[in-house]
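The values are calculated or read from the model by the stated rules, or taken from the named source; none is laboratory data. Bear in mind the structure is a predicted one, so any value in this text is a computation, not a measurement. Heads up, the Cβs are rebuilt from the backbone with ideal geometry, glycines too, and the neighbour counts pull from every protein chain shown.
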Amino acid sequence: MFNKRTFDRYHLLFREEVIQAQVELDELTREITGRFQQNWDIEALDFGQMFNQSLESGISRRLWKGVDYYPKEAMLAFIAKDKEIVRVMFRDLFDEKRDVTGRIGRFGFHCEQLLDSHRKDLPDLLDHYHGDERMPGLYLSLRFPDLYVFPELESFRKAMMKLDARNVPAV
């Protein structure tokens, strides 16, 4: 629940901002979803190149790269070390016959295992950035855009804080 007076105060501003942000986000989501759909091939011989091309954008890389946030680079490092394991991880993540929560959890677990097993070979890789729902959710939304939406938990958290919500989810 949130504060009604605060909500009323932000209501009109929010609508204007959402319309503008939606235009920008729609362009980005169309571009990266199209690129992912065009390039993704789980059976590709050069799995690393396919993954790299699938997560590329001429508009913005903010969904997979940021300040101290490098999940794409981490996954490319894992692919270089163990591409068949990563291929199996993505097959499992994209298996719609299984529970989505379990698939996301297993994906993060396997990333942690890969990081631990290759820590000596990858000393600069301090994190795999797949331990929460953000990146697995992004992969799912790119693979199945009609079933999943882009995970924007931080935007949701900020909105809930501005609305004086009682229970704001932790990131």
Completion exercise
Of the residues in segment 68-106, those that are out of contact with any His (no Cβ under 8 Å at 6 or more places or on another chain) and in contact (Cβ under 8 Å) with a residue 60 or more places away in the chain come to 69
Exercise for the section: Could you grab me the full set of residues in segment 68-116 that are farther than 14 Å from residue 42 by Cβ and among the basic types (Lys, Arg)? Expected result: 72, 81, 97, 98, 103, 106
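Quick grid of which residues meet (1) among the small types (Gly, Ala, Ser); (2) closer than 18 Å to residue 130 by Cβ; (3) surrounded by fewer than 16 Cβ atoms within 10 Å (Cβ to Cβ); (4) in contact with a Lys or Arg (Cβ under 8 Å, 6 or more places away or on another chain):
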| position | (1), (2), (3), (4) |
| --- | --- |
| 34 | yes, no, yes, no |
| 42 | no, yes, yes, yes |
| 47 | no, yes, no, yes |
| 58 | yes, no, yes, no |
Exercise for the section: With the condition kept exactly as written, say whether any residue in segment 60-78 is touching a helix residue (DSSP H, G or I) at 6+ places or on another chain (Cβ under 7 Å) and more than 23 Å from residue 28 (Cα to Cα). Expected result: yes
Fill in the blank from the handout: All-but-one check, residue 143 against (1) out of contact with any Phe, Trp or Tyr (no Cβ under 8 Å at 6 or more places or on another chain); (2) of a type in the set (Lys, Arg); (3) at pLDDT 95 or above, failing number (1)
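Any idea which of 137, 108 is crowded, with 16+ Cβ neighbours inside 10 Å and under 30 Å from residue 10 (Cα atoms)?
Result: 137 is the single residue among 137, 108 that is crowded, with 16+ Cβ neighbours inside 10 Å and under 30 Å from residue 10 (Cα atoms).
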